[in-house]
1. Once the piece of chain linking Leu222 and Lys81 is laid out straight, how much longer is it, given 0.36 nm per residue of separation minus the C-alpha distance between them?
2. Using per-residue counts of other Cβ atoms within 10 Å, averaged over each peptide, order 482-491, 229-238, 186-195, 261-270 from highest down.
3. Applying a 10 Å radius around every beta-carbon, put 122-131, 393-402 in order of their mean neighbour count, most first.
4. Based on the Cβ-Cβ distance of Thr284 and Arg510, what FRET efficiency does E = 1/(1 + (r/R0)^6) give at R0 = 22 Å, to the nearest 0.05?
5. Short version: ³J(HN,Hα) in whole Hz for each residue of the range 126-139, in order, from phi by Karplus 6.51 cos²θ - 1.76 cosθ + 1.60 (θ = phi - 60°), x for Gly and Pro, what are they?
6. Taking +1 at the Cβ of each Lys and Arg and -1 at the Cβ of each Asp and Glu, which of Ile99, Thr156, Val199 sits farthest along the dipole of the range 97-209 towards its positive end, judged by Cα position relative to the Cα centre?
7. What do you reckon, how do Val226, Val147 stack up by accessible area (1.4 Å probe), largest on top?
8. List the residues whose amide H sits under 5 Å from the amide H of Phe64, counting only those 5 or more places along or on another chain, with H placed 1.01 Å from N in the peptide plane.
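The values are calculated or read from the model by the stated rules, or taken from the named source; none is laboratory data. Note that the coordinates shown come from a computational prediction; the quantities given were computed from them, not determined experimentally. Here Cβ is always computed from backbone atoms with ideal geometry, including for glycine, and neighbour counts include all displayed protein chains. Only protein heavy atoms, including side chains, enter the accessible area calculation; ligands, DNA and RNA are left aside. Shrake-Rupley method; radii C 1.70, N 1.55, O 1.52, S 1.80 Å.
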Amino acid sequence: MASWPKESKITYKRWRNSEQWGEADFVGHTDEVQGTDAEICTVASAGTTQSTSSSGSNENGETFTVDDALEAIGFGKFQWKISFLTGLSWVADAMEMMILSILGPQLHCEWRLPSYKVALITSVVFVGMGISSPIWGNVSDKYGRRVGLMTCMCWTLYYGLLSAFAPGYGWLLFLRGLVGFGIGGAPQSVTLYSEFLPVKARGICIMLIAAFWALGAVFEVLLALVVMPTLGWRWLLGFSTIPLAIFVCFCFWLPESPRFDVLTGRREKARATLTRIAKENGKTLPQGKMIAYNQIERGRIKDLFAPQYRRTTLLLWFIWFSNAFSYYGIVLLTTELFQAGDLCGITRGAKIEPDCSLECRYLTSADYKDLLWTTLAEFPGLLVVLLLVDYIGRKKSMSLCFFMFFLCILPLYACVGRIALTVFIFIARAFISGGYQVVFVYTPEVFPTENRALAMGTSSATARLGALITPFVAQVLLRKSVYLTLSVYCGFSLLAGVASLILPIETLGRNLQESTVDQEAGGQTAATTSQSNSTTDSADQ
């Protein structure tokens with residue numbers, strides 16, 4: 001915009017051929033040539049009819065988009081409310097994940113389960129999440145973010161409570177798998193939340209939502225410290241659904257995303273939502289008519305592989321996979337290496353001998369304190385990334401986190417003592433957890449509204465695949481070779497850092513795209529403007 005000529009010009013987009021989108025082109029016209037006051041294009045993609053409506057009732061011909069409205073409304077009381085409500089879904093997600101590390105040792109002793117059955121209690125949750133994540137994404141893109149999020153949270157609450165009454169191992173495995181199926185929709189809270197935020201606040205606010213995850217994990221450990229010695233694991237499962245119950249009680253207040261409503265042709269409903277937000281924040285909406293983008297075809301996975309998104313999709317899937325693989329890997333490595341005692345002995349060739357599968361040991365208060373300290377290690381990383389994400393950008397922030405994780409793993413090849421081992425592992429976990437949150441910021445920003453939820457769902461599914469595989473590296477391969485195990489994590493983190501840098505789009509300061517049509521039109525308009533400016537500059541010379 002800095003290269004525009006001094007004389008202000010407004011570029012309009014005229015729809016030339018309403019029958020063939022593939023051959024349509026936009027021609028720039030200045031306000032001096034334009035014959036009417038303003039033309040508002042109701043832009044549509046395949047599967048819809050395209051129409052152009054004139055703003056006869058609007059004398060000045062003013063129009064605005066959802067982005068314009070959100071920027072005018074700003075961050076206020078409404079956003080604080082929705083931050084708390086969507087944050088509850090993250091608290092619930094974290095508690096259901098954290099409970100896995102507590103439930104396993106307890107049932108190992110109480111039901112005399114062999115190790116592989118204990119591992120299945122964790123694995124079945126990730127299987128359910130991996131299967132359901134794309135499904136919830138598709139539901140959210142077709143029927144609404146509010147519908148998808150409310151349904152998955154109600155599902156998780158129902159089966160979470162039922163799992164507390166499981167009569168045996170088989171029933172518990174089945175019910176925890178269904179809990180995982182529900183948790184797979186939790187990332188849709190980020191999709192919904194991001195679509196209510198102005199550009200400047202989006203990065204920091206989504207990162208702050210990540211703090212709810214850490215709070216949920218801490219709350220679960222403290223809850224287990226109080227409940228497990230007295231009431232047992234069934235009560236812990238029941239109490240762990242409290243955040244879900246609170247969310248379900250207040251979710252009626254949650255509005256549908258105005259971006260989704262605009263995309264589905266419900267412009268009046270979107271405007272009513274924006275009016276409600278403006279009223280709560282004490283602001284007013286921009287004057288004029290709101291531009292609508294009508295589209296029937298939404299939530300199609302093939303759209304993620306359109307030419308302009310193919311590279312981004314594949315790179316992001318690998319980044320999500322590597323994030324989960326490395327994050328859950330460092331969590332498991334912490335326990336394994338601490339239990340081994342002397343890392344010097346391990347790296348000199350000694351093997352970590354597995355315990356007898358039927359030998360059990362109940363978690364003590366000291367174990368819960370170790371879990372608590374490990375969880376608190378995520379807060380410093382979150383703070384660092386929070387300061388960087390809006391300063392150096394999303395891509396560089398993700399890359400920095402992966403490279404720092406890589407650098408913190410490298411010293412483990414050497415003979416380091418217990419204190420040094422603790423420091424390096426905690427720093428590594430801090431940065432990989434921070435990087436995990438940055439990708440939650442980047443993914444909904446880079447994809448348009450028409451398939452944003454599906455992109456989050458499929459990306460989350462690849463993350464669950466990484467979480468499924470990493471126990472076989474951190475626990476099984478570690479017993480064969482420490483060096484090979486560390487090399488696997490170093491390799492994935494290094495490749496993911498490079499993948500973050502070569503992502504084609506930096507989303508810092510970028511408005512959310514409503515549709516593929518919106519992005520293509522924006523690109524063509526920018527190209528036309530650039531050519532016009534070049535011509536003007538040549539004429540001036």
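1. Value of the extension gain: 48.2 nm.
2. 186-195, 261-270, 482-491, 229-238
3. In descending order of packing, they fall as 393-402, 122-131.
4. Once the sixth-power term is evaluated, E becomes 0.30.
5. 5, 5, x, 5, x, 6, 7, 4, x, 5, 5, x, 5, 4
6. With unit charges placed on the Cβ atoms, the residue in question is Val199.
7. Val226, Val147
8. Lys289, Met290, Ile291
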